Amino acid sequence: MEKKKISVIIPCYKGERYIARALDQVFSQGYENLEVIVIIDGLVDNAREIVSQYPARVIVFEENRGVSAARNAGIKIAEGEYIHFLDADDELSSGFYHKMVEAAGDINPDVIASGVYDELQQHKSQYFSRRRVVRGTYRKLTVTWGCRLPNCWRYLFKSELLRRYNLEFEEGRIIEDLQFTTRALYYAKEVVTAPGAIYIYNATPNSITTTRTETQKKRIAEDFAHATDLIRKFGKEHGFIVPGRTNVPFKILFNSWMNYQRFLGFIGLGYKRPV
């Protein structure tokens, strides 16, 4: 199983507080066939010096260019069969890469999906109870909540898929995952779900998700509308309705489910933080 090489791409902007923990947990996963690529997105702190103490490849941007540019730079040099995007302030459950590759089995799917634990909004968490091999556009997008919760870091993407379809993140935008993930899931021949593999999305103090100025809120709204418009056009061009964005019955069902998750969290029966 460990013959599958995984390139882990970690953008790092003002990340000196978190990057050592991120690298420690990646290397402590016990999965030996890893290529770790850290993109120092602006020389603004001591992150570069910290990363130099680890067996990681490093790309340095003298000035901040944004997470999309950092991820795109990592894609260009990645040598692994699969690519994983990890944010420096997030965490992985134990055995994450083992479980993702185990779920892949011998079919070599284009995309492997992990569960998600969202520390800030636990009703947006999702765990997979069993391995599923998913085909067909609608099923790929609904089983993974691909257009509702389109975060790229919950997936392993086959590098050949990204390069074949020239899939990159749009630079200069905050809502960068929505287009990328929707397109990748559409083009993927097969998507496999990985039970037990959980990506832990942390609520980092003073981040854009926890502290937003009016200017940031306006930009987020504008970028979200931009990304939504583009994936709707993409869906129209390729003959499918984007679930959760344009399909009203699915939206009603999804919102009802989300409200139920909020209720479970309120009474203490919601998702638990994995270890």
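For the pairs Lys99/Lys189; Lys76/Lys236; Lys14/Lys272, flag any whose C-alpha to C-alpha distance is greater than 25 Å. Distance filter (> 25 Å) returns Lys76/Lys236; Lys14/Lys272. Just so you know, the Rg over Rh for the chain is 0.94, from Cα atoms, with Rh as the Kirkwood radius. Here's the picture: charge each Lys and Arg Cβ at +1 and each Asp and Glu Cβ at -1 in the range 129-184, and of Asn151, Val133, Gln179 the one pushed furthest to the positive end of that dipole is Val133. Among Lys217, Lys76, Lys236, Lys99, the order of accessible area from largest down is Lys236, Lys76, Lys217, Lys99, computed with a 1.4 Å probe on protein heavy atoms. Put Arg130, Arg163 in order of accessible area, highest first, and with a 1.4 Å probe you get Arg130, Arg163. Summarising the strand pairing of the chain, around 30 percent of its internal DSSP beta bridges are antiparallel. Counting only protein heavy atoms and using a 1.4 Å probe, the accessible area of Glu16 comes to about 80 Å².
The fraction of accessible area contributed by carbon and sulfur in the chain is 50 percent, rounded to a whole number (1.4 Å probe; ligands and nucleic acids excluded). Asp45 sits among other residues whose Cβ lies under 14 Å from its own Cβ, and their net charge, with Lys and Arg +1 and Asp and Glu -1, is -3.
What the Cβ-Cβ distance of Leu120 and Ala20 gives, at R0 = 25 Å and to the nearest 0.05, is a FRET efficiency of 0.65.
Label positions at Ala225 and Asn33, each projected 7 Å from the Cα along the C-beta direction, are separated by 4.7 nm. Computed from point charges on the beta carbon alone (+1 for Lys and Arg, -1 for Asp and Glu), the dipole magnitude for the chain about its Cα centre is near 1240 Debye.
Overall shape of the range 14-158 was characterised from the C-alpha gyration tensor. The equivalent ellipsoid obtained from it has semi-axes of 27, 17, 15 Å, in decreasing order. Summing Lys and Arg as +1 and Asp and Glu as -1 over all other residues whose Cβ lies under 12 Å from the Cβ of Asp89 gives a net charge of -2.
Computed on protein heavy atoms with a 1.4 Å probe, the accessible areas place Thr228, Thr213 in the order Thr213, Thr228, largest first. Count Lys and Arg as plus one, Asp and Glu as minus one, and take only other residues whose Cβ is under 14 Å from that of Ile107; the net charge is then +1. At the residue level, Ile112 shows approximately 0 square angstrom of accessible surface with a 1.4 angstrom probe and all protein chains present. Once C-alpha pairs closer than 8 Å and six or more residues apart are averaged by separation and normalised to the residue number of the chain, the relative contact order reads 21 percent.
As a test, work out the antiparallel percent of DSSP beta bridges whose residues both lie in the range 1-128, rounded to the nearest 5. In the range 1-128, DSSP labels about 5 percent of beta bridges as antiparallel. Relative intensity of the range 1-46 on a log10 scale, I(q)/I(0) at q = 0.24, 0.30, 0.31 Å⁻¹, equals -0.86, -1.11, -1.15, per a Debye sum over C-alpha point scatterers of equal strength in the absence of solvent. Shown here: the range 72-203, whose C-alpha atoms stretch 35, 32, 29 Å along the first, second and third principal axes, sorted largest to smallest. The mean accessible area for residues of the chain, using a 1.4 Å probe and ignoring ligands and nucleic acids, is 47 Å² per residue.
Fully extending the segment from Ile241 to Arg57, taken as 0.36 nm per residue of separation minus the present Cα-Cα distance, adds 62.2 nm. For the range 54-62, putting each phi into the Karplus relation 6.51 cos²θ - 1.76 cosθ + 1.60 with θ = phi - 60° gives couplings of 10, x, 10, 7, 10, 10, 10, 9, 4 Hz, in residue order, rounded to whole numbers and with x for Gly and Pro.
Counting only protein heavy atoms and using a 1.4 Å probe, the accessible area of Tyr138 comes to about 110 Å². Near the amide H of Ile39, within less than 5 Å, lie the amide hydrogens of Ile10, Cys12, Ile59, all on another chain or at least 5 residues away, with H placed in the peptide plane. How much FRET efficiency would the formula 1/(1 + (r/R0)^6) give for Asn108 and Phe234, where r is the Cβ-Cβ distance and R0 is 22 Å, rounded to 0.05? Approximately 0.30, to the nearest 0.05.
The values are calculated or read from the model by the stated rules, or taken from the named source; none is laboratory data. Note that the coordinates shown come from a computational prediction; the quantities given were computed from them, not determined experimentally. Every residue, glycine as well, gets a Cβ built from its backbone with ideal geometry; the counts of neighbours run over all protein chains shown. With ligands, DNA and RNA removed, areas are computed over all heavy atoms of the protein, side chains included. Shrake-Rupley method; radii C 1.70, N 1.55, O 1.52, S 1.80 Å.
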